[in-house]
Structures are given as C-alpha cells and as structure tokens.
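Note sheet for the following structure.
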Amino acid sequence: MLDATPDACAAQFAPLLQADYRDQDGLADFAARVDVATFDFENVPAESAQWLAERVPVFPSPRALSVAQDRLAEKSLFRELGIPVPEFATIDSRAGLDTALAAIGTPCILKTRRLGYDGKGQFRIKSPADADAAWEALGAQAGTVGLILEGFVAFQRELSVVAVRGRDGELRAWPLTENWHESGILSASLAPARVDDTLQAQALATARKVAEALDYVGVFALELFLKDGVLLANEMAPRVHNSGHWTIEGAETSQFQNHLRAVLGLPLGDTRAIGHSCMLNWIGTMPPAAPVLAESCGHWHDYGKSAREGRKVGHATLRAESGQELATALERVGRSLGREAQVAPVIERLAQSR
Ligand code: AMP
C-alpha cells in the first residue's frame with residue numbers, strides 16, 4: 001500500500017509504504033515491490049499513475065483515471081457516446097457564470113471539476129440571485145481545479161451500476177443499486193434495485209460503452225439519475241464504489257474480489273445477487289454494533305478511522321431472503337439506533353415493490 005498518512009486504514013491488511021503520491025522516490029520504491037498496481041482512491045494524481053505505468057502494469061489505465069477525475073471530461077465523453085447527461089457548461093469567469101445560467105436556467109449546481117467528492121465543492125443555485133454567493137463560495141477555484149455548471153435534475157431515483165471489465169475485455173455488472181443521499185453523502189443503498197429488466201439492460205449497455213471507450217480494466221461505478229424513464233449519467237467512479245459495498249455479503253463475488261481478479265488477469269467471478277441487501281453508511285461516528293449484530297442477516301464493517309463530521313467511518317449490510325424480511329430487519333435496526341429517517345426511504349421502496 002502507498003499512502004501519505006501513517007494511519008491509512010488499508011495498512012491493516014498489507015505493508016504500508018508511507019509517501020506522498022507525488023514523491024518519486026516513494027513511487028520508485030513502490031514500483032520495485034509490486035507486480036501490478038491499482039488504486040481505490042480516485043484523487044491519486046494521474047501523472048503519478050502514469051509514472052508508475054511506465055514501470056509496472058497499472059489498471060485501470062492512467063487515461064481512464066484522468067477522464068474520471070474531471071467532471072467536464074467525463075460528461076463530454078458520455079455525451080460523445082450518446083449517453084444522456086444533465087445540461088452542463090464549463091465556467092471560467094464570473095461573466096461566464098451569468099451566460100451559462102441564462103442558457104441552463106435554474107435550479108442548477110455549480111461544481112468543482114476536480115477533487116470534489118461527497119457533495120464537497122458544490123453550490124446549489126436556486127435562482128439567478130444566488131449567482132454572487134455561488135461565485136463567492138467557489139469562484140476562486142475556477143483557475144485551479146476548474147468549475148462546471150450543471151442543470152439540476154429533478155430525478156425520481158438515484159441508481160448506480162457497478163461493473164467490472166477484465167484484461168481480456170469481458171464485462172460483468174452487478175444488479176443495479178438504488179441509492180439515497182444525505183447532504184450529498186451516500187446514506188443507504190438497496191440491491192437489487194426495484195427496476196424492470198429494460199432499465200437494467202440500459203444501464204449495462206451504458207456501462208459497456210464507457211468501459212470500452214476507455215479500454216477500462218477493473219471495477220468502476222456509474223452514478224445515474226432516473227427521470228421519466230430516462231437514465232442520465234451523473235458521474236463515473238474509477239474504482240470500487242461505496243454503492244457496491246453490499247456485494248461483500250450480497251453477491252456471489254464482491255466488487256473487491258472482482259477488482260483484484262480483473263487487474264491480475266484472472267477469470268471474473270459471478271456477479272449475481274444472493275437475496276436482497278441494504279447497506280447503511282455510518283457517517284461521522286460509529287453507532288453501537290449490537291442492534292445490527294443481533295440480526296441474523298446483519299454484517300458490520302468498522303474501517304478503524306477516527307471520528308470526523310461528514311467522514312465515512314463504516315457501514316452495515318443487512319441481507320435477507322425476501323424484501324419483506326429485509327424491511328422488517330431494517331425497521332428494528334432503525335428503531336434501536338434512533339435512525340428511523342435513514343432506513344425509511346428503503347422500507348418505503350420495499351413496501352411499494354411488494
Ligand atoms: P456528485 O458529487 O456529483 O455525485 O453529487 C452528490 C449528490 O448530489 C448526488 O448523488 C445527487 O444526489 C446530487 N446531485 C449532484 N448533481 C446533481 C444534479 N445535476 N441534479 C440533481 N442532483 C444532483
């Protein structure tokens with residue numbers, strides 16, 4: 001593992017080489033010790049991935065990483081491939097913001113092109129009167145990480161497709177997942193999502209187009225908005241994804257296992273779901289484990305991170321044989337932890353699709 005921080009949680013599982021991602025001595029030391037390199041963090045500098053790729057195989061490729069790191073590059077690629085996307089425009093100046101606002105209309109969201117995650121680096125613009133406040137908040141970053149303005153999509157659902165592509169080009173995807181966010185941070189995921197086969201097939205076709213265009217190797221996720229039967233692509237994550245954490249217990253092969261198989265050139269594992277799963281994220285601090293562990297279908301994951309507001313510190317997955325059984329377990333867990341609001345939308349969806 002290569003990480004800049006001494007307490008990187010991945011160091012619980014493999015030796016840690018502590019160095020900055022841009023430190024060439026650190027990178028050289030790392031390259032000398034590995035047969036193949038990959039990453040589970042998308043803000044690894046693409047130039048560092050490229051430097052490594054000149055010495056050891058790196059999957060996914062530095063090019064795929066650099067496209068996925070830039071909201072403008074990824075949305076432009078989606079559009080080129082004929083994949084529906086929210087309206088968007090690149091913003092270079094305060095005047096440019098006004099022009100884009102007039103073209104896209106409100107509500108919309110101003111986002112940093114690079115280095116934003118979990119709702120960070122975003123400003124929601126409800127009316128043109130918010131333009132000054134938006135520029136005040138993010139304008140300074142126009143010349144550094146860049147800015148993009150996106151039309152606000154009044155979606156009915158947020159879905160994600162997590163897929164894996166092998167070195168030989170074989171592509172497999174897990175069933176679509178439905179996701180709910182709290183303040184821009186993933187709060188709960190339900191898998192398989194309650195969608196028909198047509199939508200599932202559309203999502204898979206979208207994932208295939210993107211993966212083939214980038215000659216992608218490894219696991220990736222596409223975040224999608226469902227609006228009036230159309231799937232719009234929001235963004236791509238070039239790595240194992242939080243909305244795929246349920247696959248650890250809820251699928252024949254987890255996203256982590258298949259990512260490693262892909263980068264090592266091994267056959268990919270079956271991605272079919274086993275039963276019905278709900279993943280609940282623990283954000284800021286870990287709640288008590290007992291209510292989850294008391295469930296026959298409860299699985300607990302503590303990342304060993306220190307508590308910090310807005311930080312993902314762990315998750316739980318409940319997996320059951322039926323949607324009804326899953327809903328009952330979620331109700332008990334929500335009540336015991338005082339997290340009724342977190343489980344409510346999932347229970348509602350399960351009730352609707354009964
Ligand atoms: P992102 O960092 O782009 O994944 O944004 C975080 C969350 O903000 C998304 O999962 C959505 O819930 C919301 N969001 C982002 N972009 C849009 C958009 N264009 N329209 C509506 N909601 C959005």
Gaussian network model of the chain, Cα springs within a sub-10 Å range: biggest mean-square fluctuation belongs to which of Gly82, Gly166, Gly250?
Gly82
What share of Cα pairs, in percent, lie more than 30 angstrom apart in the stretch 157-352?
18
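Past 21 Å, Cα to Cα, is the threshold; run Lys75/Lys305; Lys120/Lys227; Lys75/Lys120 against it and keep the listed order. If you can, show how the numbers build up before the last one.
Numbers: Lys75/Lys305 33 Å; Lys120/Lys227 24 Å; Lys75/Lys120 18 Å.
Those over the limit are Lys75/Lys305; Lys120/Lys227.
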Diffusion constant of the stretch 2-68 at 4 °C, which comes from Stokes-Einstein with the Kirkwood Cα-pair radius and 1.567 mPa s, µm²/s
107
If you take all C-alpha pairs in the stretch 52-178, what percent of them are over 23 Å apart?
41
Starting from the stretch 242-344, pick out the trypsin sites (Lys or Arg not before Pro) whose DSSP state is loop and whose Cβ has at most 11 other Cβ atoms within 10 Å.
Arg308
For Ser76 and Val56, what is the calculated FRET efficiency with R₀ set at 22 Å and r taken between the beta-carbons, to the nearest 0.05?
0.15
For every helix of n ≥ 4 consecutive DSSP H residues, a contribution of -39,500 (n - 2.57) applies; sum these over the chain, divide by its total residues, and give [θ] at 222 nm rounded to the nearest 500 deg cm²/dmol.
-9500 deg cm²/dmol
Alpha-carbon centroid distance for the pair the stretch 120-159 / the stretch 269-303, whole angstrom
33
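How many percent of the accessible area of the chain is carbon or sulfur, using a 1.4 Å probe? Can you show the working numbers first?
Numbers: 8030 of 15960 Å².
Roughly 50 percent, rounded to a whole number.
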For Arg94 and Trp300 in the same chain, what is the full-extension length gain: residue separation times 0.36 nm, less their Cα-Cα distance, in nm?
69.5 nm
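Rounded, prolate or oblate: which fits the chain when a ≥ b ≥ c are the square roots of the eigenvalues of the alpha-carbon gyration tensor, with rounded for a/c under 1.5 and prolate only if a/b beats b/c?
Details: a/c = 1.39, a/b = 1.07, b/c = 1.30.
Because its axes are fairly even, with a/c under 1.5, the chain counts as rounded.
Please compute the contact order of the stretch 1-77 in relative form: average sequence separation of alpha-carbon pairs under 8 Å and at least six residues apart, divided by the residue count, as a percent.
Numbers: 79 pairs, mean separation 16.5, N = 77.
Relative contact order of the stretch 1-77: 21 percent.
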Could you point to the residue in Gln352, Val162, His259 farthest towards the positive end of the chain's charge dipole, with +1 and -1 charges on the Cβ of Lys/Arg and Asp/Glu respectively?
Gln352
If you count only protein heavy atoms with a 1.4 Å probe, what accessible area per residue comes out for the stretch 87-151, rounded to a whole Å²?
50
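Mean 1/r over all different Cα pairs, inverted: what Kirkwood radius does the stretch 245-292 give, in Å?
Values: mean 1/r = 0.0800 Å⁻¹.
In the stretch 245-292 this quantity evaluates to 12.5 Å.
The values are calculated or read from the model by the stated rules, or taken from the named source; none is laboratory data. Worth saying up front: this structure is predicted, and the values here are computed from it rather than measured. Positions of Cβ are generated from backbone atoms using ideal geometry, with glycine treated the same way; all protein chains shown enter the neighbour counts. Side chains included, ligands, DNA and RNA excluded: accessible areas come from the protein's heavy atoms. Shrake-Rupley method; radii C 1.70, N 1.55, O 1.52, S 1.80 Å.
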